[in-house]
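Read through the structure below, which is laid out as structure tokens, and then see the notes.
The values are calculated or read from the model by the stated rules, or taken from the named source; none is laboratory data. This structure is a prediction, so every number in the text was calculated from the model and none was measured. Virtual Cβ from ideal backbone geometry, glycine too; neighbours counted across all protein chains shown.
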Amino acid sequence: MTDTFANLTVEKLIKLDWVQLEPHYAALEKADLNKTTIADWLKYWTEVSDVCDELYNRLYVATSVNTADTDAQKRFDHFMEKIFPRAMAAEQKLKEKLLASGLVVEGFEIPLRNMRAEAEIFREVNLPLFVEEEKLGIAHDQVMGAQTVKWQGKEKTVRHMEVVLRELDRETRKKGWELLAERQLADREVINRQWVEYMELRERIAANADLPDYRSYRWKDLMRFDYTPANCGTFHDAIEQAVVPAVQRMAERRMKALGIERLRYYDLFVDLSGKPPLKPFSSVREMKDKASAIFHHVLPQFGTYFDQMGAEGLLDLDNRKNKAVGGYCIEFAHTKRPFIFANAVGIHDDIQTLLHEGGHSFHAFESFKLPYFQQRNESAIPMEFAEVASMAMEYLTSPYLGGESGGFYSEADTARARVDHIETDLRFWPYMAIVDAFQHWVYENPMDGKDPDKCDGVWSALEKRFRPYIDWGGYEDVMMTGWQRKDHIHQAPFYYVEYGLALLGAVQIWKNALENQEQAVSAYRKALALGGTATLPQLFETAGAHFAFDAGTLQEAVNLMETTILDLEKSY
Ligand SMILES: [Zn+2]
């Protein structure tokens, strides 16, 4: 019963419908499951899941590479309506069958642990509440998406206005930022109302799952087996102790360079060299060739993976009309290939995105070697480590950005790009701490957490604790409503600390590479190949890092980042 889909081509795969998939799920459900049959059964299940997953991802990609392709949209909608719910229900039945069998398979301990946790919090009564939560999310998106301003005669989105924060002229930055802030404050009351609805809904979800509060629910939902809320508290303290003073020093250098007395929010992002923005490439071809050279320097095999993706049409990098925004890396599990989507327009951000997504794609290549879908699919690999793969790649590639390595820049421009990257990462930690600490407070104190005025108060206190270097004088309303502008808080509760933890892993790997690149990259690659078959501490250890929350580990990372910045600043 295995190798059922061995000859299934992509052309045929994307035309599959539920009638072709259903018999396989039915056969798996009916099959006799015991010690002798389990290996074949899991292999068969993997083949079906691989196909189903690739079908979903292919259809999704088709809608994002051409948003005007109504046929692709129709096929995707059909999948979401007719195939997805059925496939999810069928997958659930197979998980239950496996759990009920009590059978253990080597390398399957972690997937089984995940399935058990899923089953533990699953409640039929919560399904309609998730639909309500989804609807609230759409309503929230509508409010946020409508936040545009008229800037220099044109309607601009929030994302567009972020570019204004990099304008060299301070008065322009100030005007643009104030205009946007004013527009966002106009929605304060409606977001407050939505927030109360979210809180009440989430209390019910937790109660239905027989858990004391929503945080306990979410912890299991996010499969956080390897750390606790208390660890997050330790991490916040460590950030206050190790990162905040370094960013404070950065802020002082910034004020001096800009010749200003008070550092405003709109002064944080402007390039201090006073030079025009970096222009790394003039064609996507050039971007691909240079990125390939850079990846080859990290490890020839990574360069080969990247070239293979290029040759097989798995890199859609140029910005064009009718393309969805943003960038991502997605997996085609049946064909065992990743796919990278981006919107390159010729700025440094494009390079940073490609190097980041490149890390994700190598993670996919390495973990595809695992036999079972449940060991390697995107939801099986913990985010805290998936982002190590990508963030570490940004650091591992950083020594090779220069022309002498086949990269993009002169020595001075390489230094500018690297300083911008490290500063952005350093500034991220305190902000992440605010976002995370705020949510712990909210769900520890649900009565107060439901009161928007109290939320404003707590957010203000956190701003003072973690970002004392920003002068908010005269902008108190903007400052205290920061929680309203962070989508994760509303739509993906508690999902954010992952990036902070991953960054700490990434910097440790970079540090190893500075001492011995070959050894560091080899350990990193070994960890990628584990997919989702190990715990977070094991994944980090294998990659040569510690899964850490403490001030000591963080201080070491910060020291390296800060000394590198000071060193690089000498080159421009
Ligand atoms: Zn990522």
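Numbers below:
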item: Pair list, Cβ under 7 Å, 6 or more apart: region 349-370 residue over 18 Å from VAL298 (Cβ atoms), other residue away from the ligand (no atom under 12 Å from the Cβ) and among the polar types (S, T, N, Q); result: LEU370/THR533
item: Evaluation of THR304 against (1) within 12 Å of the ligand (Cβ to nearest atom); (2) surrounded by fewer than 23 Cβ atoms within 10 Å (Cβ to Cβ); (3) assigned to a helix (DSSP H, G or I) (one fails), failing number; result: (1)
item: Any hit, region 350-358, residues being out of contact with any helix residue (DSSP H, G or I) (no Cβ under 6 Å at 6 or more places or on another chain), at pLDDT 95 or above and small (Gly, Ala, Ser); result: no
item: Matching option when the condition is within 15 Å of the ligand (Cβ to nearest atom) and not in a loop (DSSP other than H, G, I, E, B), among HIS356, HIS296; result: HIS356
item: Any hit, region 424-433, residues being within 15 Å of GLN484 (Cα to Cα) and in contact (Cβ under 8 Å) with a residue 40 or more places away in the chain; result: yes
item: Neighbours by Cβ (under 7 Å, 6+ apart or cross-chain): first from region 560-572, under 16 Å from LYS275 (Cα atoms); second hydroxyl-bearing (Ser, Thr, Tyr) and surrounded by 15 or more Cβ atoms within 10 Å (Cβ to Cβ); result: TYR572/SER273
item: Some residue of region 278-301 being touching a residue at least 40 places away in the same chain (Cβ under 8 Å), in contact with a Gly (Cβ under 7 Å, 6 or more places away or on another chain) and of a type in the set (Phe, Trp, Tyr); result: yes
item: Meets criteria (assigned to a helix (DSSP H, G or I), among the small types (Gly, Ala, Ser) and farther than 20 Å from TYR25 by Cα) for ALA100; result: no
item: Spans of helices (runs of 4 or more DSSP H) in region 15-92 with at least 1 residues touching a strand residue (DSSP E or B) at 6+ places or on another chain (Cβ under 9 Å) and at pLDDT 95 or above; result: 38-65
item: Residue in region 463-484 that is buried (at least 21 other Cβ atoms within 10 Å of the Cβ), among the hydroxyl-bearing types (Ser, Thr, Tyr) and at pLDDT 95 or above present; result: yes
item: Hits in region 370-405 - residues which are within 13 Å of the ligand (Cβ to nearest atom), in a helix (DSSP H, G or I) and under 22 Å from ILE110 (Cα atoms); result: MET383, GLU384, PHE385, ALA386, GLU387, VAL388, ALA389
item: Residues located in region 432-455, provided they are surrounded by fewer than 20 Cβ atoms within 10 Å (Cβ to Cβ) and either more than 23 Å from ARG218 (Cβ to Cβ) or acidic (Asp, Glu) (or both); result: GLU444, ASP448, ASP451, ASP453
item: Answer from GLY346, GLY326, GLY313 - the residue that is part of a loop (DSSP other than H, G, I, E, B) and modelled with pLDDT of 95 or more; result: GLY313
item: Matching residues, region 317-340, being surrounded by fewer than 21 Cβ atoms within 10 Å (Cβ to Cβ) and within 13 Å of the ligand (Cβ to nearest atom); result: GLY326, GLY327, TYR328
item: Options HIS421, HIS348; residue that is surrounded by fewer than 23 Cβ atoms within 10 Å (Cβ to Cβ), within 15 Å of the ligand (Cβ to nearest atom) and under 24 Å from VAL247 (Cβ atoms); result: HIS421
item: Total residues in region 255-282, condition closer than 17 Å to ASP413 by Cβ and of a type outside the set (Asp, Glu); result: 12
